Amino acid sequence: MASAPEVSLVIPIFDEEECLPTLFSTLDRFLSSFERTLEVICVDDGSRDRSLAMLYEATDTRPWLRTVKLRSNRGQTAAMAAGLEVARGEIIVFMDADLQNDPSDIPRLIAKLDEGYDLVSGWRRQRQDRAFTRKFPSWVANRIIGWFIGVRVHDYGCTLKAYRASILKPLHLYSDMHRFLPALCSGAGARITEIEVKHHPRRLGNSKYGLDRVLKVMGDLIVIKLIVAFADRPMHYFGPFSAAFLLLGGAAAGLHLLNQTRGFNEQSIVLPALAVLSLVCSLYFLFMGLLADLIVRVGRRDPHALKRGAAELIS
Amino acid sequence: MSAGPCDISVVIICAEARKQAQFAALMQALRKEMESLGRSFEVLVVDDGAGASFAAQVLELREQWPAVRLLRFRRTFGGSVALDAAVDHARGRYIVVSPWYQQVDLHGIHEMVRLLDTGTDYVAVRREPRIDGVLSRLQSWLFNAYTRRMTGINVRDLNCTLRAFRREVLEEIALHGDLFRFMSILAIRRGFRFVEIPLAHMHEEGSKGLLHPGLYVRRFLDIVSLFFLVKFTNKPLRFFGLAGLVFGSAGVGICAYMAWLRIFYNLGLTERPLLILGLFLVVLGVIVGSIGLIGEIIIFTQGRSLRDYHIDEIHDGDS
């Protein structure tokens, strides 16, 4: 391509041979009416079926299509990070290959972005999935994430979102962070909004998610909070734990002493044990905070990397 | 010999000089196989602190066989360091690493090179049939089975050190400590195309019978590290957090049970050591879980270079 396209649409692909023909015809139709220059980046995440061959075949006849082949299966976050790495557009849009999202929503996402936002999140308000195993857990998860991180988006799990590349490119995506992109972007000072997008029931292929993610998501949430809010001052993250244990230990010790002076000589070990262990935990968290500070200071990574991207040079 | 790049570099790492005859036999067999291969090659011998007499032997050999080169360490640094240094100096596109004695039938090099030519990144060997004692075989089997179980990666013989690589594999996989022997696992983990071929076992100089007990402990610890690194490098909290959760909830359960007894049955707690266990488990859970948080901070601040993925190829529509 001679000049960089305006929009990069990144689609991670893993064993989607059944969906691909429909995906291409949908994209063909979409592109004929799309007004901006677009590149579509399909990232093959080590598919074991015919997906890669089909992608190569499709790429030969479509100048706007780029296929990125990963050496092995690395999961959705890695595939998205790879697509992001090669994307050249100023606007990045992610989408799933399974056609539950509809590309016709993309112009609306981009129009919203042009109103002065850095991230426009898709919200599958009329979600076409099984209520109990998919919709309800997702509703709970979105509530918890929104409350915990402080970035309220209705649908973290919807892949269809549009980003300004300048916000997304500096992020280092690893583990399973793709679910928390709005939270990470908000750490970088992004202006975030959302619009409703269409959602179709899954017709082809199999869904690759299950219910077993709950624990993982909870763990990730704690990590994201740590990274977004406290990456440059971890002591403030550990400090409150230390203080809480100090209070608990102090209260237990105080109560024990009070009992002693009042003359209840129960000889109980419960309160002293609680006091000692709480004080140990309190000190422990204090030292952990120091250790974390040390790690952050010697980090090759600039602790302000996330936030500095938010600065705009006006003149 | 030309100074430019060649097809194949054979790397031989030797840390002991005592068995000169066996080394000479290896070199003789190697020369026959390499010359019949009809490719440009070099043989890079790494003297990993084997001493002056070994170096003299290699230099003498070089008189008759100019493809031999010598890389010398003044003292022993171990296989991982020696291999890293060898890769820095090797000029081949393919790198064949061989033990310093004839462990397996070297004719297999033909097959290994053929596999590398057809797109495999890494060819390892399993000794089959084996000629060493029952005890060695049993230990070896246990070691490999345990590694398979812990890492979920299917390798059959980690202790056979004749291996052939495409150069990129060695350049990409950073080895440290004793992880040299687990190279196959790290390579598979990075997504390299891996093949294991059977070759006849000819001789064994390595482990015989029962080993020093410390060695078993070290191998065990290696596999634990490997398990952790393979599965949780990018997400330490998943590992520590789960462990912490298990300890912590066991502790909370015990304490709740104690409180139940105290409140409803009015049993004194002073006489119950179980309470101490409960409290300690809670503390342990807290400690282990927060170590996971420290791990996450390390990965976030230092792990920029740890890419999760590797792009093999970008196929553009207009090219």
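What is the one condition in (1) polar (S, T, N, Q); (2) out of contact with any Asp or Glu (no Cβ under 7 Å at 6 or more places or on another chain); (3) facing chain A (nearest Cβ under 8 Å) that residue B:234 does not satisfy?
Of everything listed in (1) polar (S, T, N, Q); (2) out of contact with any Asp or Glu (no Cβ under 7 Å at 6 or more places or on another chain); (3) facing chain A (nearest Cβ under 8 Å), residue B:234 misses just condition (2).
For residue B:262, are the conditions met, namely being part of a helix (DSSP H, G or I), within 10 Å of another protein chain (Cβ to nearest Cβ), within 27 Å of residue A:175 (Cβ to Cβ) and among the basic types (Lys, Arg)?
Working: part of a helix (DSSP H, G or I): yes; within 10 Å of another protein chain (Cβ to nearest Cβ): yes; within 27 Å of residue A:175 (Cβ to Cβ): no; among the basic types (Lys, Arg): yes.
So residue B:262 fails the test.
Tell me, please, whether a residue that is among the charged types (D, E, K, R), at pLDDT 90 or above and in a loop (DSSP other than H, G, I, E, B) can be found in the stretch B:125-141.
Looking through the stretch B:125-141, none of the residues is among the charged types (D, E, K, R), at pLDDT 90 or above and in a loop (DSSP other than H, G, I, E, B).
Restricting the search to the stretch B:299-319, which residues are under 30 Å from residue A:226 (Cβ atoms) and not in a strand (DSSP E or B)? Spell out the reasoning first.
Pass one, the stretch B:299-319, residues under 30 Å from residue A:226 (Cβ atoms): B:299-311.
Within the stretch B:299-319, B:299, B:300, B:301, B:302, B:303, B:304, B:305, B:306, B:307, B:308, B:309, B:310 qualify.
Identify the residue in the stretch A:57-77 that is more than 7 Å from every other protein chain (Cβ to nearest Cβ) and over 24 Å from the mean Cα position of the chain (by Cα) and, among all such residues, is farthest from residue A:4 (Cα to Cα).
Checked the stretch A:57-77; the qualifying residue farthest from residue A:4 (Cα to Cα) is A:57.
Just give me the residues in the stretch A:152-171 being surrounded by fewer than 22 Cβ atoms within 10 Å (Cβ to Cβ) and touching a residue at least 40 places away in the same chain (Cβ under 8 Å), in sequence order.
A:154, A:164, A:165, A:166, A:169, A:170, A:171, listed by residue number.
Of these, B:85, B:25, B:52, which one is touching a Phe, Trp or Tyr at 6+ places or on another chain (Cβ under 8 Å) and over 23 Å from residue B:171 (Cα atoms)?
On the way: B:85 fails: over 23 Å from residue B:171 (Cα atoms); B:52 fails: touching a Phe, Trp or Tyr at 6+ places or on another chain (Cβ under 8 Å).
Checking each option against the conditions leaves just B:25.
If you check residue B:311 against the conditions, is it surrounded by fewer than 19 Cβ atoms within 10 Å (Cβ to Cβ) and under 13 Å from residue B:237 (Cα atoms)?
So residue B:311 does not fit the description; no.
Could you please find all residues in the stretch A:212-266 being within 12 Å of chain B (Cβ to nearest Cβ) and among the charged types (D, E, K, R)?
Of everything in the stretch A:212-266, those that are within 12 Å of chain B (Cβ to nearest Cβ) and among the charged types (D, E, K, R) turn out to be A:213, A:216, A:220, A:225, A:232, A:233, A:266.
Can you confirm whether the stretch B:276-292 contains a residue that is assigned to a helix (DSSP H, G or I), under 19 Å from residue A:77 (Cβ atoms), of a type in the set (S, T, N, Q) and at the interface with chain A (Cβ under 7 Å from one of its Cβ atoms)?
No, that holds for no residue.
Among the residues in the stretch A:65-72, are any surrounded by 15 or more Cβ atoms within 10 Å (Cβ to Cβ), farther than 25 Å from residue A:202 by Cβ and at pLDDT below 90?
yes
Kindly indicate which of B:171, B:128 is under 22 Å from residue B:306 (Cα atoms) and of a type outside the set (S, T, N, Q).
Residue meeting the stated conditions: B:171.
The values are calculated or read from the model by the stated rules, or taken from the named source; none is laboratory data. Everything quoted here is computed from the prediction, not taken from an experiment. Neighbour counts run over all protein chains shown; Cβ positions are idealised from the backbone, glycine included.
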